[in-house]
Amino acid sequence: MRIATNSSKIDISKEKKTASLAKIFSRLLNKGDVVFLYGEIGAGKTTFVRYLINHFQRRSKKSLSEVTSPTFNIMNEYEVKNLIINHFDLFRIEKAKDLQNTGLFEDFKSKLTLIEWPEKIISKPKNRYELFFEYNKNTNKRFLKIKKIIFDLEIKENLRDNKYVQIKGDASFRIFLRKYRGKKSSIIVYCKKDKKKNLLDYDAINKYLIKNKIFAPKLYFQNYKNNYIEIQDLGKQTVFDIFSNKKNNKTFKIYKNIILYLLKIQRIKPFKVKNFMGNYYKIPKYTKMKIFNEAKIFCDWYVTSNKNKKETKRINLNLKKIIKSLLRNIKLKSDTFVHRDFHISNIISYKNSYGILDSQDAVVGNKAYDLASLIDDVRFQTSEKLKANLLNYYIKKNQNKISKIEFINDFYILSVLRNLKIIGIFTRLSVRDQKNEYLKLIPYAWRLIENRIENKTIFKDLKFFLNQNFSSKLRKKYAN
């Protein structure tokens, strides 16, 4: 049996048909899915849920529960192996504000959530199934219609053809799903806020990389009007995943290969490329003013969040002067393709080489910037010895094209300013977006800054200023 969407109504008058359909539907569901069940009393919602939960239990070889509608309890919970199923009945909920006490969408991404009478929910999850149970005119037959909603858009396809699984996102406004069609997969990228950069410009830069024989996701389909694109899936194994494996013993070798790949990227010449709307996109320049504005995020968010109003004004005024002084000391030209987030979480093992993810922020800038992103990566801690070896390896491989003294000068300055920016961004993600998980990375970002400014004459003023205004205790705040 194929489960169809839209115009297809499935006759479930016979309970055997309801049981069969629930069995098929259960195979489509994953942890994090939300299922809304609409329909009048007696239309078959709870019967369907009972068969659905029982099928999960049967596959896990667990005894079958007597599933009843939680009309008075509001919610019944079932645990099937490593899956928790929450079954809600909102019939008795009179006002939308009363939903706050039900725990309705509390940690729902780690559970399967089934909800009867979802009409009372105002703010609905963007990704959900909607099941509509109804009688015919004579009330002697019952029907079911199933819809799959992604990003508030109805998917017009047979539900068994494709499977959608939400995957871990990043610090941006984007949402990612992996779409499976048999053994093949692709990635859906949804972004409503700042979508020009995250969808349109992102694909243009990927096209630019692909033209220059750099692995980046190809565009399969775009629905820019409805805020999403479908792109090539380069796989699941990032270099961060490889390094996180305790059995990995090739860290230095892999880093060296990535540096060789970075040199390949840096050899390509920036030019205009057509985006999927037919317009030319020109990769912007990474000017010193842009770098200053990014470093200033530290002032706008971290300082503001950790100092009183009087201190904030004084600290920011003086720190901005020091940042501008450092920028005046940058030596190299801005003439190189810069990914801007070139760290191991955005580099994926692909076809005996590497693929590049999240290139939407790419600019034409300083040759040292992406190496600083790679070596002084706040998300992955490495030894000072490894950092020094990687820096020397890059310089050795590029020694005929750069001045070692100028390159190291710029590398240190850009690393420090980048990590000041990162501390500011992670604070902003917590304060503005309630993404508190990034706070735990701040202490290591401080350590990276401390390492680069130690015993360097160019950082004398910055080191003194930071030591005067940001205590060791404050820098270690949020550390595990």
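The values are calculated or read from the model by the stated rules, or taken from the named source; none is laboratory data. None of these values were measured; they are calculated from a predicted model. Don't worry about glycine lacking a Cβ; one is built from the backbone with ideal geometry, like all the others, and counts go over all protein chains shown. For the accessible areas, the whole protein counts, side chains as well, though only heavy atoms, and no ligand, DNA or RNA atoms are used. Shrake-Rupley method; radii C 1.70, N 1.55, O 1.52, S 1.80 Å.
Helix 309-328 axis versus longest C-alpha principal axis of the chain: approximately 60°, rounded to the nearest ten. Computed over protein heavy atoms with a 1.4 Å probe, the carbon and sulfur contribution to the accessible area of the chain reaches 49%. For Arg59, the accessible area of its heavy atoms, probed at 1.4 Å with every protein chain present, is near 120 square angstrom.
Taking the Cβ of Asn366 as the centre, find all other residues whose Cβ is under 10 Å away and add up their charges (Lys, Arg: +1; Asp, Glu: -1). Present the calculation step by step, with values, prior to reporting the outcome.
Values: positive: Lys288, Lys331, Lys333, Lys367; negative: Asp335, Asp370, Asp410.
After counting each charged neighbour, the total is +1.
With all protein chains kept in place, the per residue accessible area of segment 246-394 amounts to 49 square angstrom at a probe of 1.4 angstrom.
With +1 assigned to the C-beta of every Lys and Arg and -1 to the C-beta of every Asp and Glu, and no other charges, what is the dipole magnitude of segment 190-241 about the Cα centre in debye, to the nearest 20?
Numbers: 11 positive and 6 negative charges, 47 e Å.
That gives a dipole near 220 debye.
Counting other Cβ atoms within 10 Å, which GluC sites (Glu not before Pro) in segment 106-182 have at most 16 and lie in a DSSP loop?
Working: sites: Glu106, Glu116, Glu119, Glu130, Glu134, Glu154, Glu157; in loops: Glu106, Glu157.
Loop-located and lightly packed - Glu106, Glu157.
Applying 0.36 nm per residue to the separation of Asp461 and Glu134 and subtracting their alpha-carbon distance, the gain on full extension is 110.4 nm.
In this label model, Asn318 and Arg379 are separated by 3.5 nm, measuring between points 7 Å along each Cα→Cβ vector. Put +1 on the Cβ of every Lys and Arg and -1 on every Asp and Glu Cβ in the chain; which of Ile175, Leu391, Asn352 then has its Cα farthest towards the positive end of the dipole? Going by the charge dipole, the pick is Leu391. Counting 0.36 nm for each residue step from Lys109 to Lys290 and taking away their Cα separation leaves a gain of 61.4 nm.
Under a model in which nothing but the beta-carbon of Lys, Arg (+1) and Asp, Glu (-1) is charged, segment 1-149 shows a dipole of about 780 debye around its Cα centre. Nearest 10 degrees, 0 to 90: what angle lies between the long axis of helix 442-453 and the longest principal axis of the chain (Cα atoms)? Taking the Cα atoms of the chain, the angle to 442-453 is about 10 degrees. For segment 1-127, what is the percent of antiparallel DSSP beta bridges, rounded to the nearest 5? Around 40 percent of the beta bridges assigned by DSSP in segment 1-127 are antiparallel ones. Between Lys95 and Ala479, the modelled label-to-label distance comes to 4.8 nm, taking each label 7 Å out from Cα in the direction of the beta carbon. Taking the Cα centre of the chain as origin and assigning +1 to Lys and Arg Cβ atoms and -1 to Asp and Glu Cβ atoms, the resulting dipole is close to 1560 debye.
Placing unit charges on the Cβ atoms of the charged side chains and taking the dipole of the chain about its Cα centre, the candidate lying farthest along the positive direction among Leu441, Phe252, Gly235 is Phe252. Ranked from largest to smallest solvent-accessible area, with a 1.4 Å probe on the protein heavy atoms, Ile41, Ile93 come out as Ile41, Ile93. Going 7 Å from the Cα of Lys81 along its beta-carbon direction, which residues of segment 8-48 have the amide nitrogen within less than 17 Å of the resulting point? Once the point is set 7 Å along Cα→Cβ of Lys81, 23-33 turn out to lie under 17 Å by backbone N, inside segment 8-48. Our estimate of slack between Lys120 and Glu454, defined as 0.36 nm per intervening residue step minus the Cα-Cα distance, is 114.3 nm. Accessible surface computed residue by residue for segment 176-224, with neighbouring protein chains in place and a 1.4 Å probe, gives 50 Å² per residue.
Comparing Phe151, Leu83, Ser110 along the charge dipole axis of segment 81-153, the residue lying farthest to the positive side is Phe151, per the Cβ-charge model.
For segment 383-427, trypsin sites (Lys or Arg not before Pro) are listed when DSSP marks them as loop and at most 10 other Cβ atoms sit within 10 Å of their Cβ; the list is empty.
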